[in-house]
Amino acid sequence: MPRHLVTAVMEWFGDAARDLPWRDPDCSPWGVLVSEVMLQQTPVVRVEPAWRAWMERWPEPADLAVADQPEVLRAWGRLGYPRRALRLQECARALTDRHGGAVPSATEELLALPGVGEYTAAAVRAFAFGERDVVLDTNVRRVIGRAWNGTAYPRAHLTRAERSFAAGLVPEDRDEAATWNAAVMELGALVCTSRAPQCAQCPLESDCTWVAIGRPGLGEGAGRSQAWHGTDRQVRGRVLAILREAVDPVALETHPALADVDPGQLDRCVTSLVEDGLIRPASGAAYSL
DNA sequence: AAGACGGGGTA
DNA sequence: TACCCAGTCTT
């Protein structure tokens with residue numbers, strides 16, 4: 001196992017690490033957990049201001065647990081996947097109910113929390129508690145795949161073999177493990193990017209298997225572009241955007257900003273939003289957060 | 001194992 | 001315009 005690659009990434013991180021508020025040594029485990037949930041599919045630059053406002057408003061799980069849902073959804077704003085906001089509040093309630101208002105450090109307890117899956121549980125353990133764990137997000141998988149395995153893009157699903165290989169890279173030492181997890185993720189986010197990797201800036205360039213074989217497959221593994229325009233997801237987003245801005249309940253089916261939406265699709269989306277608990281029927285045929 | 005689920009920045 | 005992003009949950 002070429003350990004010197006691991007060392008090179010950790011040394012690179014010493015100079016290149018971004019100064020992010022949830023990396024502050026004084027940041028609470030709750031702050032780390034909030035950041036990780038927000039960062040699920042939303043880039044750092046958009047999360048940072050929302051995270052600061054969120055933490056100022058609800059500094060502890062107990063604060064968020066008793067917040068009004070419409071306020072929570074408005075604070076979530078345009079981060080996307082708003083069901084995460086509801087899960088985060090459910091998570092806060094679970095923390096106050098089951099864990100005395102604190103974030104647990106045991107994997108099993110973390111995984112039992114709403115909105116916390118394999119990645120987030122590992123990330124909280126590593127970044128909030130300094131535990132030695134295997135943190136595998138899309139960045140880490142891409143770096144390992146390229147530098148050690150010579151593949152341009154990771155598979156759609158995490159395999160047992162991939163998890164096992166990544167585990168073998170994590171340093172035995174607790175502090176080094178924590179540094180490695182943050183460092184390799186940062187390398188994937190800043191240098192070993194998906195579309196346009198900056199190999200000339202990479203500490204692994206001279207040791208990278210993928211570079212050695214000529215960087216094959218760049219731009220290929222992209223898969224089919226996910227449809228967006230006119231999808232239910234887009235319509236749901238538009239409905240939510242209207243209700244976030246509204247002071248009073250809104251009659252959606254006659255709303256001018258939704259006039260171009262097929263009535264059947266609009267009805268389907270409104271129904272699903274109600275089922276998801278994101279909106280609720282108000283007076284008459286109007287809806288609100 | 002596959003599909004659903006937001007939204008905006010970037011090339 | 002197309003692609004990408006610190007994933008999770010449901011079926």
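Rule-based calculations on the coordinates, nothing more; no lab input. Just so it is clear, the structure is predicted and the values come from calculations on it, not from any experiment. No Cβ is skipped: glycine too gets one built from the backbone with ideal geometry, and neighbour counts run over all protein chains shown.
At-a-glance table
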{"read-out": "Pairwise label distance in nanometres, A:I213 with A:A282, each label 7 Å out on the Cα-Cβ vector", "value": "5.8"}
{"read-out": "Per residue convex hull volume, Cα atoms of region A:138-212, in Å³", "value": "88"}
{"read-out": "Dipole magnitude of chain A, debye to nearest 20 (Cβ charges: Lys/Arg +1, Asp/Glu -1, about Cα centre)", "value": "800"}
{"read-out": "Distance (nanometres) between label positions extended 7 Å along Cα→Cβ at A:T7 and A:T271", "value": "6.3"}
{"read-out": "P(r) of chain A over all Cα-Cα pairs, binned every 5 Å from zero, in whole percent", "value": "1, 5, 11, 14, 15, 14, 13, 11, 8, 5, 3, 1, 0, 0"}
{"read-out": "Sites A:A259 and A:N149, calculated FRET efficiency, Cβ-Cβ separation with R0 35 Å, nearest 0.05", "value": "0.10"}
{"read-out": "Share of alpha-carbon pairs per 5 Å distance bin for region A:232-288, given as whole %", "value": "4, 21, 37, 29, 9, 0"}
{"read-out": "Where trypsin sites (Lys or Arg not before Pro) fall in DSSP loop in region A:170-244, at most 14 other Cβ within 10 Å", "value": "A:R195, A:R224"}
{"read-out": "Net length gained if the chain between A:E60 and A:T138 were fully extended (0.36 nm per residue, minus Cα distance)", "value": "25.2 nm"}
{"read-out": "Theoretical FRET efficiency, 1/(1+(r/R0)^6), r = Cβ-Cβ of A:A200 and A:D26, R0 35 Å, to 0.05", "value": "0.45"}
{"read-out": "Degrees between helix A:160-169 axis and first principal axis of chain A (Cα, 0 to 90, nearest 10)", "value": "60"}
{"read-out": "Cα long-axis angle, helix A:29-38 against chain A (0 to 90 degrees, to the nearest 10)", "value": "80"}
{"read-out": "Contact order normalised by residue count of chain A, Cα under 8 Å, 6+ apart, percent", "value": "17"}
{"read-out": "Karplus-derived HN-Hα couplings along region A:179-191 (A = 6.51, B = -1.76, C = 1.60, θ = phi - 60°), whole Hz, x at Gly and Pro", "value": "5, 4, 4, 5, 5, 5, 5, 5, 4, x, 7, 9, 10"}
{"read-out": "CD proxy at 222 nm, helix term only [per DSSP H run n ≥ 4: -39500 (n - 2.57); per residue of chain A; nearest 500]", "value": "-15500 deg cm²/dmol"}
{"read-out": "Relative packing of A:251-258, A:37-44, A:119-126, A:176-183, which averages over residues the other C-beta atoms within 10 Å, highest first", "value": "A:119-126, A:176-183, A:37-44, A:251-258"}
{"read-out": "Modelled FRET efficiency - R0 30 Å, A:R174 with A:A16, Cβ distances, 0.05 increments", "value": "0.85"}
{"read-out": "For region A:193-289, diffusion coefficient by Stokes-Einstein and Kirkwood Rh (Cα), 20 °C, 1.002 mPa s, µm²/s", "value": "127"}
{"read-out": "Kirkwood hydrodynamic radius (C-alpha pairs) into Stokes-Einstein, region A:117-175, 20 °C and 1.002 mPa s, D in µm²/s", "value": "179"}
{"read-out": "Helix A:44-57 vs. chain A, principal-axis angle (Cα, 0 to 90°, nearest 10)", "value": "60"}
{"read-out": "Inter-label distance for A:V247 and A:W228, nm, one decimal - labels placed 7 Å from Cα along Cα-to-Cβ", "value": "3.3"}
{"read-out": "Dimensionless Rg ratio for region A:3-129, taking C-alpha atoms and the 2.2 N^0.38 Å reference", "value": "1.09"}
